[in-house]
1. Report the residue count in the range 331-377 for those that are touching a residue at least 12 places away in the same chain (Cβ under 8 Å) and closer than 30 Å to residue 265 by Cβ.
2. Which of (1) within 19 Å of residue 213 (Cβ to Cβ); (2) surrounded by fewer than 19 Cβ atoms within 10 Å (Cβ to Cβ); (3) within 19 Å of the chain's Cα centre (by Cα) does residue 272 not meet, given it meets every other one?
3. What do you reckon, is residue 311 surrounded by 16 or more Cβ atoms within 10 Å (Cβ to Cβ) and modelled with pLDDT of 95 or more?
4. For the range 396-412, how many residues meet the condition of being out of contact with any strand residue (DSSP E or B) (no Cβ under 7 Å at 6 or more places or on another chain), at pLDDT 95 or above and surrounded by 24 or more Cβ atoms within 10 Å (Cβ to Cβ)?
5. Give me the helices (runs of 4 or more DSSP H) completely within the range 26-136, filtered to those with at least 1 residues that are in the same structural domain as residue 9 (by TED's automatic domain parsing), under 23 Å from residue 12 (Cα atoms) and in contact (Cβ under 8 Å) with a residue 12 or more places away in the chain, ordered by residue number.
6. Restricting attention to the range 370-377, does a residue exist that is within 13 Å of the chain's Cα centre (by Cα) and either part of a helix (DSSP H, G or I) or under 29 Å from residue 211 (Cβ atoms) (or both)?
7. For the range 294-304, does any single residue satisfy the condition of being part of a loop (DSSP other than H, G, I, E, B) and at positive phi?
């Protein structure tokens, strides 16, 4: 078979049913091989960046490996934002890049670049295949590397002539994801550390989602009555309406919720890499706190905080092992009053009083209405930007696998991620939230949504600025605004030109009816929500930031 045909057969082995990309002349042999394969659908997008976001989100919601195709230097450069996002999100992603013909390499051929060096720092592994007989070896290894340990992106550079060549190619069976389990000695050490804890706290991260360990985490937390806080953009690791859920560590987390972590005497970190945002600028934990860190990737242990106990294990296998052991001394001194108090603090700061403003938009009321109207299993995607603070602070994710966000903070993510999520889970309602700045970065994917009949609803929070950048400008250089102000099209007319359901909301009272119509339309939809630019974040206005800066001076 040809190298291209071998790749398609490996995709089938791995259970891949969708691949995403923009066609390129350097991988036409692969496109031709896909033409004959009815079990795999090639989703053509309007930009490789959108394709990589779709593939990443598709892999996230389906539990499979996302696959994206691109061509040479320009396609690779365009889709690199999704590769970085997959790395930050710990999402398994395989990138197949067409490369210039082998005999042209090293001559600065048309769109030639060393793709392995280009991607080397933002992926788990990058390799160029020079021999058709090694295509099965490298492509199957790519899938194994992408989904093993801490999952992430792998990039394969494939010269056009190697794809077209034929050879006697033999495929190995698809590999399974390794799921290491803690030793009995590690379990004993875990309970030894936990035995005297009065205020233990679980910080749960992406490893819980990736191991499908949400139910095991809930059982463990309930067994010992240990509260749970979610790492950055991992809202759905634990039901937010559960009495043991105490918040989410984000940008601008309410200080009272951050205090829950600071008051804990023992931290059980499960599947989190302790990112800058989760740790509130690497300043969250103190040497006085005991730390137990469980992660499938050895390199994560001690990378930020040196643990008293580090366990290399799959999150679900670790939790099942801890739940199964009935012989060892167990925690008996947990302060249940403290646990209840921290839950009350979370509820106090995140409960929204109902209002029905007819003159302007309060973004809290938009989130409250979403909560009321969406089914509990609806999938929410969101872009980067200050508008997301309202979602992060006030929306309650009550079921697992209902949130898809970019830990990388990539703008332009929400819409293409929603399309990937809907293709992966067509049975679910999918809603994307974006600011006007981020939405315009991938707005062209509305055409992709229309062409493939993908009914997602996009909410555009429009304040005519890059809001998070404006906030930082005002904090550091008040009144000296440069580069963050934006002009925008008429979003309603723009949406209509694409053929999608389109509406504009200028007050809270309008939103429920418009949102219901968009959900019922069963077609791609956008709703522009006109926001007050003065309300720059959940907790601050532009005026309050300027006043605080004046007092400091």
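The values are calculated or read from the model by the stated rules, or taken from the named source; none is laboratory data. Predicted, not measured: the structure shown is a model, and the values here were computed from it. With ideal geometry, Cβ positions are generated from the backbone for all residues, glycine too; neighbour counts draw on all protein chains shown.
1. 16
2. (2)
3. Here the answer is yes, as residue 311 does meet what is asked.
4. So the count comes out to 1.
5. Once the helices (runs of 4 or more DSSP H) in the range 26-136 are filtered for at least 1 residues that are in the same structural domain as residue 9 (by TED's automatic domain parsing), under 23 Å from residue 12 (Cα atoms) and in contact (Cβ under 8 Å) with a residue 12 or more places away in the chain, what remains is 28-35, 48-62, 72-89.
6. Among the residues of the range 370-377, not one is within 13 Å of the chain's Cα centre (by Cα) and either part of a helix (DSSP H, G or I) or under 29 Å from residue 211 (Cβ atoms) (or both), which makes the answer no.
7. Yes - at least one qualifying residue is present in the range 294-304.
Results for (1) out of contact with any helix residue (DSSP H, G or I) (no Cβ under 8 Å at 6 or more places or on another chain); (2) loosely packed, with under 15 Cβ neighbours inside 10 Å; (3) more than 16 Å from residue 96 (Cβ to Cβ), shown as yes or no for each residue.
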| site | (1), (2), (3) |
| --- | --- |
| 127 | no, no, no |
| 138 | yes, no, no |
| 141 | yes, no, no |
| 164 | no, no, no |
| 175 | no, no, yes |
| 185 | yes, yes, yes |
| 190 | no, no, yes |
| 200 | no, no, yes |
